[in-house]
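For reference, the structure discussed in these notes is given below.
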Amino acid sequence: MARETCHKSDDVVSWRDLMCGEVGLSQVGCRLALAGWVDARRDHGGLVFVDLRDASGLCQIVINPERASEAAEAAHQIRNEFVLRAEGEVVRRAPENVNPHLSTGEVELQVDALEIVSPSTPLPFQLDEEGVDETLRLRYRWLDLRRPRMQHNLRLRADLVSTIRREMEADGFLDIQTPILFKPTPEGARDFIVPSRLQQGRFFALPQSPQILKQLLVIGGFDRYYQIAICFRDEDLRADRVQEITQLDVEMAFPDQEYLFSLMECMCAAVWRDCVGAELEVPFPRLTHAEAQARYGSDKPDLRFGLEIEDATEATRPSELGVFAAAETVRFIRVPQAFSRAELERLEAFAKEWGAKGLAYLVFAEDGEVRSPIAKFLSEAELELFRSEPGSTVLFAADERAVVARVLGALRIHLGRELGLVDEEAWRFVWITDFPMFEWDEETERWKAVHHPFSRPAPGSEELVVSDPGAAIAHAYDLVVNGIEIGGGSFRIHEQELQAQVFAALQLSEEEQRRKFGFLLDALAMGAPPHGGIAFGIERMLMALAREPNLRDVIAFPKNQAGVDPMSGAPSEVDQELLEELGIELRALLE
Ligand code: ASP
């Protein structure tokens, strides 16, 4: 490497061999050429100092007109983000000029020759500017990508994918690509469709996931499949949602849940070790969906803090307080703070946003007094159950079970953050198992698959698919870390008849079943082995690893919140000729 080629002679060590961030005391006296971007330039009356930056870091170069008059001439023109090539000698900095925050802070390059390789127009924003508007950042993404944070996130992404591949291949999984132009694969979002020129009037759908295809691969004899797959979901965008996601997609024949979970735990442990140097404790704990809802009010609980939800439904059945006695469910959380009236009003407004009708509370003040409008209605036994440390508040929700979970789940997260209870250093993984198979969709007045329609009912729930779909449990699971759902999967239906029953429960007529999924039903009838798998969202994993709240900051070229790429302007109009070839006529769009 460069250090060996760096002889203290007149030879110039090529910049190809030594990067800016690698220059150190061992090169003092060497002649060197460095190339990079101008990160900052300081003109000190004659002497010009430049922080030269490349992918490895920064090195200070000094242009002294007494040493290099031509270089000094050029130095006056340079601005931030110009690309320069500088040749000179590495010298040790005077002790008072050492920069302890920089790996190259003990040295600098005294320049003899300077070349402006590529200038830059004035910048739309400075790389070290805080709070730049996201659309502007995306419009000039090539500049934004030069920022240390984006460099870090995308390098982390490459490390993540490389570790995943290594682990999956070591476990005997085969990387097989599946088509992008396909048929709808239901994952609960809208499809992106692509018109076919050769088959006018027909459309491909971009896969919401390779779900059916990976099942067909296992049925086709590939007993362990994986892919880093791009999935397209046309949904409204949020901080943790984009339309093009990448996922680690996995499927295997004859799955065993313990084995599959332990493979995935080992994969995660390797990723966390390689990417952020964290040693995870395996196996990960597990909660059933029902437990997670009851204790954390969420199917993706953040276990980095307590504030667990407690149940008081039975205890309050005989209560004199009508709302407690009559509610389907009564639950509460104990918060280690005695809230003031104003704070309680704010919390009540928050709870109402999540569907609560009000917020009952008991404040246990520091002086031992109980402050609450409901205390006088509670029996000694009830008060005993709710009694908490002085300096705390008990917050109640009494309503239908789902509303109670939603309200207390939201309050728990809100207060965990607000009161600084979250252990920001922790990695708390948890498997969520035993999801319901179906949920009732009020809008369409139909059952809808909670996961997707190919997940099999858990043992004992097969009959319920027909007799009581709302009570059926699926053999499906999610993996959650720090409140972020990073993965989810299931064991699949491999029996044609059972698959048809599930489609029927979703009110797909036989004709529709054949039209949409006939090929899958045919495959299930030709020797389909039991199979199951999982998929992990690469961006979600990165959000957790990089502790990035915005999914778009772990993607090189994302679309903005409106689904537009501000850089290229996509989606854009197409030529009339192309539309004609496709047999498509556009309706005049309302202005
Ligand atoms: N296809 C599912 C998804 O994309 C994952 C799975 O069931 O394996 O979420």
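Tell me yes or no: at least one residue of segment 164-171 is within 30 Å of R492 (Cβ to Cβ), surrounded by fewer than 18 Cβ atoms within 10 Å (Cβ to Cβ), more than 16 Å from the ligand (Cβ to nearest atom) and under 23 Å from the mean Cα position of the chain (by Cα).
yes
Has segment 454-462 got any residue that is surrounded by 22 or more Cβ atoms within 10 Å (Cβ to Cβ) and not in a loop (DSSP other than H, G, I, E, B)?
yes
Would you be able to say whether some residue in segment 371-383 is out of contact with any helix residue (DSSP H, G or I) (no Cβ under 7 Å at 6 or more places or on another chain) and of a type in the set (F, W, Y)?
There is at least one residue in segment 371-383 that is out of contact with any helix residue (DSSP H, G or I) (no Cβ under 7 Å at 6 or more places or on another chain) and of a type in the set (F, W, Y).
Could you tell me whether segment 192-208 includes any residue that is within 15 Å of the ligand (Cβ to nearest atom) and either among the charged types (D, E, K, R) or out of contact with any Phe, Trp or Tyr (no Cβ under 8 Å at 6 or more places or on another chain) (or both)?
No, segment 192-208 has no match at all.
With the requirement that a residue be in a loop (DSSP other than H, G, I, E, B) and among the acidic types (D, E), what does segment 278-291 give you?
If the condition is that a residue be in a loop (DSSP other than H, G, I, E, B) and among the acidic types (D, E), then E279, E281 are the ones that fit.
Here are V276, V218, V271, V250: which of them is closer than 19 Å to E539 by Cα, within 16 Å of the ligand (Cβ to nearest atom) and of a type in the set (A, V, I, L, M)? Step through it out loud before you land on a result.
Numbers: V276 fails: within 16 Å of the ligand (Cβ to nearest atom); V218 fails: closer than 19 Å to E539 by Cα; V271 fails: within 16 Å of the ligand (Cβ to nearest atom).
Just one listed residue meets the conditions, V250.
Here are some conditions: (1) buried (at least 18 other Cβ atoms within 10 Å of the Cβ); (2) touching a Lys or Arg at 6+ places or on another chain (Cβ under 8 Å); (3) of a type in the set (V, I, T). V218 meets all but one. Which one does it not meet?
Every listed condition holds for V218 apart from (2).
Restricting segment 439-453 to residues that are hydrophobic (A, V, I, L, M, F, W, C) and within 16 Å of the ligand (Cβ to nearest atom), which is surrounded by the most Cβ atoms within 10 Å (Cβ to Cβ)? Please lay out each step first, then the result.
Of all residues in segment 439-453, those hydrophobic (A, V, I, L, M, F, W, C) come to 440, 447, 449-450.
Pick out the ones that are also within 16 Å of the ligand (Cβ to nearest atom) and you get 449-450.
Numbers: A449: 22, V450: 18.
Among them, the one singled out is A449.
For segment 472-481, does any single residue satisfy the condition of being surrounded by 22 or more Cβ atoms within 10 Å (Cβ to Cβ) and either out of contact with any strand residue (DSSP E or B) (no Cβ under 6 Å at 6 or more places or on another chain) or in a helix (DSSP H, G or I) (or both)?
no
Kindly check whether there is at least one residue in segment 473-480 that is in contact with a Cys (Cβ under 8 Å, 6 or more places away or on another chain) and not small (G, A, S). Show your work before the answer.
The first filter runs over segment 473-480 and keeps only residues in contact with a Cys (Cβ under 8 Å, 6 or more places away or on another chain), leaving 479.
With the extra rule that they be not small (G, A, S), the set shrinks to 479.
Yes, there is a match, as at least one residue in segment 473-480 is in contact with a Cys (Cβ under 8 Å, 6 or more places away or on another chain) and not small (G, A, S).
Here are some conditions: (1) over 22 Å from P318 (Cα atoms); (2) surrounded by 17 or more Cβ atoms within 10 Å (Cβ to Cβ). P390 meets all but one. Which one does it not meet?
Condition not satisfied by P390: (2).
When only residues in segment 526-553 that are within 17 Å of F232 (Cα to Cα) and assigned to a helix (DSSP H, G or I) count, which is farthest from the ligand (Cβ to nearest atom)?
Going through the qualifying residues, I end up with R552.
If V502 passes every condition in (1) away from the ligand (no atom under 16 Å from the Cβ); (2) among the aliphatic types (A, V, I, L, M); (3) within 34 Å of the chain's Cα centre (by Cα) but one, which one does it miss?
(1)
Output the qualifying pairs, or none if there are none: Cβ atoms under 8 angstrom, residues six or more apart or on different chains, first residue in segment 201-217 and free of Cβ contacts under 8 Å to residues at least 60 places away in the same chain and under 11 Å from E251 (Cβ atoms), second residue within 10 Å of the ligand (Cβ to nearest atom) and outside any helix (DSSP H, G or I).
P210/T185; P210/A229; P210/C231; P210/D249; L213/T185; L213/P207; L217/E251
Among the residues of segment 407-435, which ones are crowded, with 19+ Cβ neighbours inside 10 Å and under 30 Å from L213 (Cβ atoms)?
F429, V430, W431, I432, T433, F435
Just need a number here: residues in segment 554-589 that are among the acidic types (D, E) and in a loop (DSSP other than H, G, I, E, B). Let's see the steps before the verdict.
Initial filter on segment 554-589 (among the acidic types (D, E)): 565, 573, 575, 577, 580-581, 585.
Subsequent filtering for residues that are in a loop (DSSP other than H, G, I, E, B) retains 565, 573, 575, 585.
Of the residues in that region, 4 qualify.
Taking segment 319-340 only, how many residues are under 29 Å from F305 (Cα atoms) and in contact with a Pro (Cβ under 9 Å, 6 or more places away or on another chain)? Spell out the reasoning first.
Keep residues of segment 319-340 that are under 29 Å from F305 (Cα atoms), which gives 324, 327-340.
With the extra rule that they be in contact with a Pro (Cβ under 9 Å, 6 or more places away or on another chain), the set shrinks to 338.
Matching residues across segment 319-340 total 1.
Filter segment 468-493 down to the residues that are away from the ligand (no atom under 14 Å from the Cβ), of a type outside the set (G, A, S), without any contact (Cβ under 8 Å) to a residue 60 or more places away in the chain and in contact with a helix residue (DSSP H, G or I) (Cβ under 7 Å, 6 or more places away or on another chain) and list them by number.
P469
If only one of E424, E512, E462 is more than 15 Å from the ligand (Cβ to nearest atom) and under 25 Å from P530 (Cβ atoms), which one is it? Explain how you work it out, then say what you get.
On the way: E424 fails: under 25 Å from P530 (Cβ atoms); E512 fails: under 25 Å from P530 (Cβ atoms).
Only one candidate passes the filter, namely E462.
Residues that are away from the ligand (no atom under 16 Å from the Cβ), surrounded by fewer than 17 Cβ atoms within 10 Å (Cβ to Cβ) and in contact (Cβ under 8 Å) with a residue 12 or more places away in the chain: does segment 571-581 have at least one? So that I can check it myself, show each step before the final result.
Within segment 571-581, the subset away from the ligand (no atom under 16 Å from the Cβ) is 571-581.
Remaining after also requiring surrounded by fewer than 17 Cβ atoms within 10 Å (Cβ to Cβ): 571-581.
Going one step further and asking which of them are in contact (Cβ under 8 Å) with a residue 12 or more places away in the chain, we end up with 581.
Checked segment 571-581: at least one residue is away from the ligand (no atom under 16 Å from the Cβ), surrounded by fewer than 17 Cβ atoms within 10 Å (Cβ to Cβ) and in contact (Cβ under 8 Å) with a residue 12 or more places away in the chain.
Counting only residues that are among the β-branched types (V, I, T), in contact (Cβ under 8 Å) with a residue 40 or more places away in the chain and in contact with a strand residue (DSSP E or B) (Cβ under 6 Å, 6 or more places away or on another chain), how many does segment 162-195 have?
So the count comes out to 2.
Of the residues E485, E424, only one is touching a Lys or Arg at 6+ places or on another chain (Cβ under 9 Å) and assigned to a loop (DSSP other than H, G, I, E, B); which?
On the way: E485 fails: assigned to a loop (DSSP other than H, G, I, E, B).
When all the criteria are applied, what remains is E424.
The numbers here are math on the coordinates, done by the rules we state, and not lab data. What you are looking at is a predicted structure, and each value in this text was computed from that prediction instead of being measured. Note: ideal-geometry Cβ built from the backbone for every residue, glycine included; neighbour counts use all protein chains shown.
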